[in-house]
Amino acid sequence: MGKVRRVTLYKHGLGFFEVAQPVEGDAEVALSFKMEEMNDVLKSLTVHDPAGTVVSVSYDSHKAVAELLKEIALELPKTGGGAALIARLQGAEVVARTHTRQLRGSVVGLEARSNCAGDKIYQENWLTLWSEQSLVSLNLAEILSIELCDEKLRSDLSYCLDVLLKTSKREAKQLSIFTRGQGERELQLSYLVEAPAWKSSYRILLPTDPQQKPFWEGWALVDNPRDEDWEEVELTLVAGLPVSFRHDLYSPRYVERREIRVQREATVGPVSVGGAVPQPVFAADPFVSVSCDPFGSVDPFACPAADPFGAPCAEPLAARVAHLSATPQAVASERAAQVVAESMGEMFHYRVRHPVTVKRNQSALVPIVGQEAEGGKVVLYNAAERRENPFAAVELTNTTGLTLEGGPLLVIEEHSYAGEAMLDTLKPGDRRIVPYAVDLAVQVESQQNQRHESIHQVKVVNGVMTLLSAEMDSTLYVFENKDDRDKVLWLEHPLRAGWELHDTPAEDERSVSHYRFRHELKARAHLEVRVLLKRIHSQVLHLHTLDANQLEYYRKGGYFSPEAEAGVNRLRGIFEQRVELQNQRLQTEQRCRELNAEIERCRGILPSLSTTAEEAQLRANYVQSMQACEKELKELRATAEILRSDMLRKADEAINCARDLDFEKNL
């Protein structure tokens, strides 16, 4: 591989590499990648030959080792060395050479023979060859070399060894670039692969003199896990959210094709010719078969009987082909839309001015910031974080002109470690208050009180009365500075939904969750800060739904303005009339129930009376009583209906009267 010239590392775990490779004439340039990197390489590889032509780029197959070796007849033994390999060459023609002779023949086999040397017995391997119509045995220990005569067998053995060598290098895959040209030139390559995300860390040195500015340093931590050194490379560090995804380009992809069966014709049998008939009638053309094909054949230009994927065909083949050809574009469009739908934000980068060297499998610290900072030391109090003491903090403004990626911040004060914090991402001009330690020289006491105020305002609009009351929340902070130095204090008070500052100076700034108030905390002094919040409660009433007593209660409480008194009195009169009508209707309904009960009682007695003169008179009395009840009941029902109509009319009058009321009064 050539020299890596430029490296761009991304925060989301990718690296973009630019390589310069010197070549001369027609050349082959070999690159090596891990198997898991091949998809990104095939997606991103660019090759530029400034004075030549790039012919092709080839790369190793994605097949597993066992699959690759299945394609050759030769199988290498895992143990046994050369003897085990020779044993598998049965039938192969070879040339065996010893110190004294050279023999050509076909391998018959390898056998082990026992031999004695004094008291020891040992085994020897003898190779048997079929040569010149005879079997010849050679001691394997005396054979200097064995040459394979079959070119295909030699090629298979070389291929097998090459595959095993490549797979032993952590599944490394080779990519070869073939280019044509003349003379010496430099081939320019670039590709994208996974890389460890770079990290950032910062240090800030606080001066002892408050008139001086802090000095801060920023470092980027980069890792080189690759097999090549980065020697004097141009390094760029990028943060942000570029669109990135995985896509399998390395695996072979096979597309299932439609199968069209071959149309067959049945053989023609003997034809019998009968006698003439007056009007010949044929069911079909005798030379065109309309029966089912005995072999199940179909017209290749007609709709097949069934889709090979199991779905029945309902449209002509030409239309289906057009539909299938349109489908991949539609799917690709849909996937593209899914990929680009989200907003990915702004990218920013650090381009390191000087060349950087990082050896293979090593990491490095690269400086990105080194200058004076705008800001200084302050104290920050947040009762939720620590109630007794504020935090010592650094107030920083990013004046570097760069977007600074977030990371740990180490604070050094008076040439010693003072604390540390996490720094969020800082855009140019952004300001942060970063706490790094607890300031024990300042003590804090806080006291919180809440109270509810009675109704203080009444609003009536379009017949709707709104009663407004308030809830107050007061917090008193008392700071005691026991230090001999004046300090700048930032007080954080939590924001609360529905609450607002009341009778309190406006905040100096506001974060997402807190008000921030800035105060000067003098040496050896106390400071009291009160924060008062107010929340308005509202109660909504519809005036036409009240009754006369409720309306009188609010009138006596002074809830209504003087100009609304006439309207309120008219509304109260309507309520009283409505109550009177309601009482009359209730009395009418009660009398109706009594009459119904009397009628039912009489009906129950009549069947039990006999035909005697005395009981006949009694029967007549009961009938007369029932008739009188039914007459009264009919009149009461008519009265009840009139009362119901009057009540509905009074309800409408109450709504219209309430809508005429419109005023606002402070209590």
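The values are calculated or read from the model by the stated rules, or taken from the named source; none is laboratory data. Not measured: the values here are computed from a predicted model. Backbone-built Cβ (ideal geometry, glycine too); neighbour counts: all protein chains shown.
Taking the range 1-52 and the strands (runs of 3 or more DSSP E) fully enclosed by it, the elements with 1 or more residues that are hydroxyl-bearing (Ser, Thr, Tyr) are at 3-10, 27-34, 46-48.
If we scan the range 479-492, do we find a residue that is within 30 Å of His537 (Cβ to Cβ), more than 32 Å from the chain's Cα centre (by Cα), in contact (Cβ under 8 Å) with a residue 60 or more places away in the chain and not assigned by TED's automatic domain parsing to the domain that holds Asp660? Yes. Could you identify the single residue in Glu420, Glu388, Glu395 that is free of Cβ contacts under 8 Å to residues at least 60 places away in the same chain, among the acidic types (Asp, Glu) and in a strand (DSSP E or B)? The unique qualifying residue is Glu420. Candidates in the range 608-667 are the residues that are of a type in the set (Lys, Arg) and under 30 Å from Ser561 (Cα atoms); of these, the one that is modelled with the lowest pLDDT is Lys665. In the range 619-640, the residues that are assigned to a helix (DSSP H, G or I) reach residues that are of a type in the set (A, V, I, L, M) and at pLDDT 90 or above with C-beta atoms within less than 7 angstrom, at least six apart or across chains, in these pairs: Met626/Ile599; Cys629/Leu595; Cys629/Ile599; Glu630/Ile599; Glu632/Leu595; Leu633/Leu595.
Against the condition surrounded by 16 or more Cβ atoms within 10 Å (Cβ to Cβ) and either at pLDDT 85 or above or outside the structural domain of Tyr477 (by TED's automatic domain parsing) (or both), how does Ala393 come out, does it pass? Taking the combined requirement at face value, the residue satisfies it.
In the set Asn481, Asn549, Asn569, only one residue is under 30 Å from Gln443 (Cα atoms) and polar (S, T, N, Q); that residue is Asn481. Looking only at residues in the range 137-166 that are touching a Phe, Trp or Tyr at 6+ places or on another chain (Cβ under 8 Å) and assigned to a strand (DSSP E or B), the one that is surrounded by the most Cβ atoms within 10 Å (Cβ to Cβ) is Leu138. Just to be sure before I move on: is Ala66 small (Gly, Ala, Ser), at pLDDT 75 or above and surrounded by fewer than 12 Cβ atoms within 10 Å (Cβ to Cβ) in the structure I sent? Criteria not met by Ala66. Listed by first and then second residue, the pairs linking a residue in the range 113-132 that is without any contact (Cβ under 8 Å) to a residue 12 or more places away in the chain to a residue that is surrounded by 11 or more Cβ atoms within 10 Å (Cβ to Cβ), with Cβ atoms under 6 Å apart and 6 or more places separating them unless they lie on different chains, are Asn115/Glu124. Only residues that are small (Gly, Ala, Ser) and at pLDDT below 90 were counted in the range 191-242, giving 2. Within the range 473-526, being under 17 Å from Leu380 (Cα atoms), assigned to a loop (DSSP other than H, G, I, E, B) and β-branched (Val, Ile, Thr) holds for one residue alone: Val512. Scanning the range 431-453 for residues that are in contact with a strand residue (DSSP E or B) (Cβ under 8 Å, 6 or more places away or on another chain), closer than 23 Å to Glu413 by Cα and not β-branched (Val, Ile, Thr) returns Arg431, Arg432, Pro435, Tyr436, Ala437, Asp439, Ala441, Gln443.
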